[in-house]
Amino acid sequence: MTTTKYIIASLALLMGLGSQAQTPQIKFMAPGVYPEGVAYNNKNNMFYVSSVTTGTIGTVDMQGNYKTIYTDPSLKSTYGLKLDPKQNLLWACVSDGNYSQYSDSSTYKKMGRLIAIDIITGKKIHDINLAKQYKGQHFINDMAFDATGNIYVTDSYSPVVYKIDKSGKASVFAKSELFESIDIGLNGIVYHPLGFLIVNNNSKGAIYKIDMKNPQNITRVKVKTLFPGADGMLIGPGGSIIVVQNKSVDKVHQLTSTDNWQTAEVQGSTTAEDRYQQPSTGTMANGQVYVLNSKMNELADPTKHPSKEFSIQLVQFRPAK
């Protein structure tokens with residue numbers, strides 16, 4: 001090889017090794033809002049985001065323009081969001097779990113609601129009180145829809161998963177000691193197309209499978225690694241499960257299984273170069289995974305000035321080593 005060709009080849013190799021960079025972000029200005037939940041509507045190409053500090057719900061377009069579309073101080077904080085495109089309803093988890101500007105002693109760790117907003121009219125259509133279904137503290141955090149329209153909701157301060165059927169009737173669907181935690185317990189939840197629920201425990205970093213026909217049958221999915229700080233989850237390509245992890249790890253993982261989720265392995269993850277900032281939840285947009293950078297870790301640090309800018313970031317997985 002000539003000297004010139006050797007230099008060119010070496011430069012190409014170095015460029016390839018250094019090609020990993022932070023993935024694209026949709027940045028938006030929303031001072032002090034601290035969004036936690038995100039959902040995408042492919043009808044209008046809009047993201048919807050919640051707020052742990054104000055309880056508001058807003059939209060973010062692909063150019064990063066933020067607009068508040070629903071305000072109600074009684075909501076305290078809004079967390080996980082899910083869109084029902086057929087009904088034009090945006091569902092939101094509502095609690096006073098932490099950090100709300102409107103928190104008070106009558107609602108702090110006591111409120112547990114699930115609401116639905118008509119995204120056409122902007123009016124609240126449903127407001128379901130889940131706190132009365134189970135005695136204890138409450139932090140309604142995330143939800144999933146099954147194939148027939150039932151909704152399943154996690155409570156991070158109580159070891160239960162609630163069910164809201166198509167008529168709007170709420171009940172406790174699953175309860176287990178596995179869901180218990182001294183801090184935030186159950187968090188992310190998905191309905192798998194194979195016909196079961198998968199939930200995670202934020203503090204324990206564990207993942208569990210719930211039998212839909214027999215919800216007392218709850219098994220831990222065996223994975224070689226734990227995911228402390230496991231937050232939102234969603235179904236990815238090929239029935240994989242995508243797990244968002246924060247608590248200083250700040251990565252997103254894609255899990256696959258070959259035995260109906262008795263066991264699972266990490267197929268791919270994001271890298272440190274992506275520099276996620278307390279990622280919380282994710283959504284599918286135009287066939288790609290996007291994750292919300294909540295920056296909620298700032299709220300526990302009195303030395304931090306409230307952020308004005310947040311972002312929704314494209315996820316690109318690198319194969320697990």
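Values in this text are rule-based calculations from the coordinates and carry no lab data. Here the structure is a predicted model, which means the values were calculated and not measured. Here the Cβ positions follow ideal geometry from the backbone for every residue, glycine too, while neighbour counts run over all protein chains shown.
Mind listing whichever residues of the stretch 82-112 are without any contact (Cβ under 8 Å) to a residue 60 or more places away in the chain and within 17 Å of the chain's Cα centre (by Cα)?
Answer for the stretch 82-112, where residues must be without any contact (Cβ under 8 Å) to a residue 60 or more places away in the chain and within 17 Å of the chain's Cα centre (by Cα): L83, L90, A92, V94, S95.
Give the stretch 196-245 a look and list any residue that's of a type in the set (D, E, K, R) and free of Cβ contacts under 8 Å to residues at least 24 places away in the same chain, or say none.
Within the stretch 196-245, D211, K213 meet the criteria.
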task: Name, by its number, the condition in (1) within 13 Å of the chain's Cα centre (by Cα); (2) surrounded by fewer than 22 Cβ atoms within 10 Å (Cβ to Cβ); (3) not polar (S, T, N, Q) that does not hold for V190.
output: (2)
task: Would you mention how many residues in the stretch 132-149 are closer than 21 Å to N98 by Cβ and buried (at least 22 other Cβ atoms within 10 Å of the Cβ)?
output: 6
- line: Checked the stretch 282-300 for anything within 14 Å of Y34 (Cα to Cα), more than 17 Å from the chain's Cα centre (by Cα) and not hydrophobic (A, V, I, L, M, F, W, C); matches are E298
query: Pick from K169, K163: which is surrounded by fewer than 23 Cβ atoms within 10 Å (Cβ to Cβ) and either touching a Phe, Trp or Tyr at 6+ places or on another chain (Cβ under 9 Å) or within 16 Å of Y79 (Cβ to Cβ) (or both)?
result: K163
- request: Within the stretch 169-224, track down each residue that is outside any strand (DSSP E or B) and of a type in the set (G, A, S).
  value: S176, S181, G185, G195, S203, G205
